[in-house]
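Before any comments, here is the structure.
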């Protein structure tokens, strides 16, 4: 029996590979068209309409209008077995593209600088491939096209609108420039950090720059707070626990000879556990308010309303991913990550609800060859990675549906 199962999987794998090569030119064209129309969080109306048009053409039923209006859940119905969900984010970023590609963004100050166009194209490619096996599926495959991943927490809105109802497991992926195309990388347990954003409003007293003693300089206070915050991780957090406090935005004043009334500091914090997160928050507020008071000013600290939790891969689902990918793309192309990344992903919200795993998809053209980083105006999802992403996700869907292992 094991030999028969192995033979069937080999035949299925060859059929999937052949089908991927057949549909790949169409999938690449879809990605390029998506790349030209980037839209930011919860404004993805053109993108949503485009995806629905593709699903209509292929005869795949879907529900639209989720997650504030632009989210989509499509389903490839099989038998009465288990349901697996596969997710793609669909939003772009507020970045002016500098690639000069023939399919570069047509929308000013908007760009798919995080590669979500590639994620969408790959998931559509999975759908196109699995259509050939719809009549033999022992369960169902649910395709989630999620808006607002970039600082919008769109996953929470998808969950609230029922995207995970009846789902037994979920998988997702993200392009990774540090890894060469043709490979994936994964880690069981903690893979990505939690993320929150802080805002520090400093109240001083404006005056003429020639008479600083008559005022209270909020710019000076902002500088001291920014410097002091650099000591939080190095001097207050256990060095065995990864953590980040980064100031990314400072704003004050509007001219060169007037000290303003107020200053603003904004930044992000990252960690992997609730205790460290709580320590970061306490330290930021203590340092900001204490430093401001030292200079006769005052400060108010606010954090994001809905921080992203740490992304923790389920152990059993990760092992299934590793086994499946090793067969689908070759064992040498599956990289096991030793340390988690400090970036964040709201896919973590799905993993708090159902078991699953998230993996990185290689983008670089060759080992060690520099590739534009995520959120760079020069970044472009590598079309060479599409077959790897499609094959891994398609075989994951088939393997999970046929597998009888229990899930929590």
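Every residue, every condition in (1) assigned to a helix (DSSP H, G or I); (2) surrounded by fewer than 15 Cβ atoms within 10 Å (Cβ to Cβ), yes or no:
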| site | (1), (2) |
| --- | --- |
| 231 | yes, yes |
| 235 | yes, yes |
| 241 | no, yes |
| 247 | no, no |
| 256 | no, yes |
| 265 | no, no |
| 275 | yes, yes |
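A quick yes/no check of all residues on (1) under 19 Å from residue 123 (Cβ atoms); (2) modelled with pLDDT under 95; (3) crowded, with 24+ Cβ neighbours inside 10 Å:
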{"site": "161", "(1), (2), (3)": "yes, no, no"}
{"site": "164", "(1), (2), (3)": "yes, no, no"}
{"site": "168", "(1), (2), (3)": "yes, no, no"}
{"site": "173", "(1), (2), (3)": "yes, no, yes"}
{"site": "177", "(1), (2), (3)": "no, no, no"}
{"site": "186", "(1), (2), (3)": "yes, no, no"}
{"site": "190", "(1), (2), (3)": "no, no, no"}
{"site": "198", "(1), (2), (3)": "no, no, no"}
{"site": "207", "(1), (2), (3)": "no, no, no"}
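Provide a single number: the residues in region 356-370 that are surrounded by fewer than 24 Cβ atoms within 10 Å (Cβ to Cβ) and at pLDDT 95 or above.
2
Does region 315-328 contain any residue that is modelled with pLDDT of 95 or more, part of a strand (DSSP E or B), surrounded by fewer than 23 Cβ atoms within 10 Å (Cβ to Cβ) and more than 23 Å from the chain's Cα centre (by Cα)?
no
What is the one condition in (1) free of Cβ contacts under 8 Å to residues at least 12 places away in the same chain; (2) assigned by TED's automatic domain parsing to the domain that holds residue 356; (3) under 24 Å from the mean Cα position of the chain (by Cα) that residue 278 does not satisfy?
(2)
Restricting to region 296-306, and then to whatever is surrounded by fewer than 19 Cβ atoms within 10 Å (Cβ to Cβ) and not in a strand (DSSP E or B), can you tell me which residue is modelled with the highest pLDDT?
My answer is 296.
Please work out if residue 43 is surrounded by 15 or more Cβ atoms within 10 Å (Cβ to Cβ), under 22 Å from residue 386 (Cβ atoms) and either in contact with a helix residue (DSSP H, G or I) (Cβ under 7 Å, 6 or more places away or on another chain) or modelled with pLDDT of 95 or more (or both). Step through it out loud before you land on a result.
Values: surrounded by 15 or more Cβ atoms within 10 Å (Cβ to Cβ): yes; under 22 Å from residue 386 (Cβ atoms): no; either in contact with a helix residue (DSSP H, G or I) (Cβ under 7 Å, 6 or more places away or on another chain) or modelled with pLDDT of 95 or more (or both): yes.
Considered against the rule, which asks whether it is surrounded by 15 or more Cβ atoms within 10 Å (Cβ to Cβ), under 22 Å from residue 386 (Cβ atoms) and either in contact with a helix residue (DSSP H, G or I) (Cβ under 7 Å, 6 or more places away or on another chain) or modelled with pLDDT of 95 or more (or both), residue 43 comes out as no.
Taking residue 178 as the residue in question, decide whether it is outside the structural domain of residue 272 (by TED's automatic domain parsing) and part of a strand (DSSP E or B).
On the way: outside the structural domain of residue 272 (by TED's automatic domain parsing): yes; part of a strand (DSSP E or B): yes.
Yes: the conditions hold for residue 178.
Each row is one residue, and each column tells you yes or no for (1) under 30 Å from residue 258 (Cβ atoms); (2) touching a residue at least 12 places away in the same chain (Cβ under 8 Å); (3) more than 29 Å from the chain's Cα centre (by Cα).
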position: 185; (1), (2), (3): no, yes, no
position: 198; (1), (2), (3): yes, yes, no
position: 204; (1), (2), (3): yes, yes, yes
position: 207; (1), (2), (3): yes, yes, yes
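Return the only residue of 343, 354 being under 18 Å from the mean Cα position of the chain (by Cα), over 24 Å from residue 177 (Cα atoms), in contact (Cβ under 8 Å) with a residue 60 or more places away in the chain and outside the structural domain of residue 268 (by TED's automatic domain parsing).
354
The values are calculated or read from the model by the stated rules, or taken from the named source; none is laboratory data. Since the model is a prediction, treat every value here as computed from it, not as a measurement. When we count neighbours, we look across all protein chains shown, and the Cβ atoms used for this are built from the backbone with ideal geometry, even at glycine.
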